[in-house]
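J.: Provided herewith is a single structure, encoded as structure tokens, for subsequent inquiry.
The values are calculated or read from the model by the stated rules, or taken from the named source; none is laboratory data. Treat the numbers as computed from the prediction; the structure is a model and nothing was measured. Methodologically, a virtual Cβ is constructed for each residue, glycine included, from the backbone with ideal geometry; neighbour enumeration extends over all protein chains shown.
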Amino acid sequence: MIHKIEAFLHISLKAIKETARFITGSSKPRDKYEMEMLIIAHALEKGMVNKDPRLGYGVEKAIRLIELMGQYLNRYGRRKYAIEESIAVLDAYIEFSNAKKVNIEKVVSGRRKLYQKYKIIPNTSEYKGGAKTYTRQELLDTGVIEPEKFFERRRSVRNFSGEKVSDKIIQRAAELAANAPSACNRQPSKIRYSETRIVNDEIGSYIAGNAGFKENISTYLVVSAKVSGYQNNEMFAWYIDGGIFTAYVMQAFFSLGIGSCIFQWEQFCKNENKIKRLLDIQSDECIIAIIAIGQYEETVKCVCAQRKSIREILIKINNKGE
Ligand SMILES: Cc1cc2nc3c(=O)[nH]c(=O)nc-3n(C[C@H](O)[C@H](O)[C@H](O)COP(=O)(O)O)c2cc1C
């Protein structure tokens, strides 16, 4: 009974802290604007891939988007993803509606006024909005010739050769991982990385699961996710988005010939504030995982880590009454 009470108090305290982190983070006006703009932009963009979109869909949303963009630009200026994405999607939406000969004059004139007022020239080379069509053949051509190898040979590597992983490779892996899906494409994740001995010694000392091999680690990545880009009904969605992103990071490094090992991070542990201060992680970001990366040695000893039988994982739902 005592154990149960202890567990209840421990978990409840963490849940309260998580809620406080979310509420404080998501009450920042700038983040609120960005969240709403991205959710609307995403809804407009999704409408453009529907097989049979309702004619004139999205007018109210587009008008609201223009209103938010105006308020945002007035307060904060441009240069951020949320605004560039909104511009790209809004323009695509207008083009899409024009092609379907739908009258969206209110949206068009709202856009005109907004663009004139803030001298907006869309950055079309970097930001694309709307629908993109692939041929079936393009999607079948994944470039992964042996999927089993690609997934089965990614194993946690805990000993590295000591040779540096170049910034170029790290940047490339981050670019690959940025393709990870996220709820409404909000992309809450960030990667910070350190190759500095003194910083790594400190990071290493905060990790519980690196005993026996922390001396071999010369590059740590810290994956975090911003909790403030979500709505009240999306509690904990940042862990899902951040977790998927983390998996992409590992697979990206693997595809580039670099070994990695994820380390678990306990939320609100006693060292959380220390590591956040050390790496300048904001209060509305949660640490998803810490990852060691490095070059392979000539032979690499990994844990077998036998997977469950597929019978224990895959469940086919029987058709009922068919
Ligand atoms: C969220 C998460 C936390 C992990 N934490 C640790 C850790 O603290 N220390 C460690 O040595 N390995 C850690 N691992 C690696 C797992 O032990 C490993 O992924 C699992 O045993 C499967 O083995 P494989 O990665 O070699 O396929 C972690 C993995 C994940 C996904």
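J.: Could you tell me whether Asn273 is assigned by TED's automatic domain parsing to the domain that holds Ala177 and either surrounded by fewer than 20 Cβ atoms within 10 Å (Cβ to Cβ) or among the acidic types (Asp, Glu) (or both)?
T.: In short, yes.
J.: Could you check Gly130 against (1) outside the structural domain of Val59 (by TED's automatic domain parsing); (2) out of contact with any helix residue (DSSP H, G or I) (no Cβ under 7 Å at 6 or more places or on another chain); (3) surrounded by 12 or more Cβ atoms within 10 Å (Cβ to Cβ) and say which number it fails?
T.: Among (1) outside the structural domain of Val59 (by TED's automatic domain parsing); (2) out of contact with any helix residue (DSSP H, G or I) (no Cβ under 7 Å at 6 or more places or on another chain); (3) surrounded by 12 or more Cβ atoms within 10 Å (Cβ to Cβ), Gly130 violates only (2).
J.: Exactly one condition in (1) in the same structural domain as Asn185 (by TED's automatic domain parsing); (2) more than 29 Å from Asp167 (Cβ to Cβ) is false for Ile315; which is it?
T.: (1)
J.: When you check Pro122 against the structure, is it within 16 Å of the ligand (Cβ to nearest atom) and without any contact (Cβ under 8 Å) to a residue 40 or more places away in the chain, yes or no?
T.: no
J.: Would you mention how many residues in the stretch 284-308 are farther than 26 Å from Tyr248 by Cβ and either basic (Lys, Arg) or more than 16 Å from the ligand (Cβ to nearest atom) (or both)?
T.: Total meeting the criteria: 1.
J.: So, in the stretch 136-157, of the ones that are away from the ligand (no atom under 16 Å from the Cβ) and within 24 Å of Ala305 (Cβ to Cβ), which residue ends up surrounded by the fewest Cβ atoms within 10 Å (Cβ to Cβ)?
T.: Glu146
J.: Can you tell which of Ile281, Ile262 is in contact (Cβ under 8 Å) with a residue 12 or more places away in the chain and within 16 Å of the ligand (Cβ to nearest atom)?
T.: Just a single option satisfies the conditions, and that option is Ile262.
J.: Also, I was wondering about something else. Give me the pairs: first residue in the stretch 58-87 and assigned by TED's automatic domain parsing to the domain that holds Val107, second residue modelled with pLDDT under 95 and of a type in the set (S, T, N, Q), beta-carbon distance under 7 Å, and six or more apart or on different chains, which are they?
T.: If the second residue must be modelled with pLDDT under 95 and of a type in the set (S, T, N, Q), the pairs left are Glu84/Asn123.
J.: Scan the stretch 165-177 and report the pairs whose first residue is in a helix (DSSP H, G or I) and whose second residue is crowded, with 17+ Cβ neighbours inside 10 Å and small (Gly, Ala, Ser), with Cβ atoms within less than 9 Å and a gap of 6+ or a chain change.
T.: Listed pairs, sorted by first residue: Arg172/Ala252; Ala173/Ala252; Ala174/Ala252; Glu175/Ala252; Leu176/Ala252; Ala177/Ser189; Ala177/Ala252.
J.: Can you pull out every residue in the stretch 199-225 that is more than 18 Å from Ile258 (Cα to Cα) and within 12 Å of the ligand (Cβ to nearest atom)?
T.: Across the stretch 199-225, the qualifying residues are Gly204, Tyr206, Ile207, Ala208, Gly209, Asn210, Ala211, Gly212.
J.: Looking at the stretch 237-249, is at least one residue at pLDDT 95 or above, among the polar types (S, T, N, Q) and away from the ligand (no atom under 15 Å from the Cβ)?
T.: Scanning the stretch 237-249 turns up no residue that is at pLDDT 95 or above, among the polar types (S, T, N, Q) and away from the ligand (no atom under 15 Å from the Cβ).
J.: Right, here's the next one. Which pairs do you get when a residue that is part of a loop (DSSP other than H, G, I, E, B), found in the stretch 297-322, comes within reach of a residue that is away from the ligand (no atom under 11 Å from the Cβ), reach meaning Cβ atoms under 6 angstrom, with the pair 6+ apart or on two chains?
T.: Qualifying pairs under 6 Å: Glu297/Ser161.
J.: Still on this structure: For the structure I just gave you, tell me whether Ser228 is of a type outside the set (Val, Ile, Thr), touching a Cys at 6+ places or on another chain (Cβ under 8 Å) and either in a helix (DSSP H, G or I) or at pLDDT 95 or above (or both).
T.: No, not satisfied.
J.: Also, I was wondering about something else. Quick one: would you say Lys132 is of a type in the set (D, E, K, R), touching a residue at least 12 places away in the same chain (Cβ under 8 Å) and more than 16 Å from the ligand (Cβ to nearest atom)?
T.: It is false that Lys132 is of a type in the set (D, E, K, R), touching a residue at least 12 places away in the same chain (Cβ under 8 Å) and more than 16 Å from the ligand (Cβ to nearest atom).
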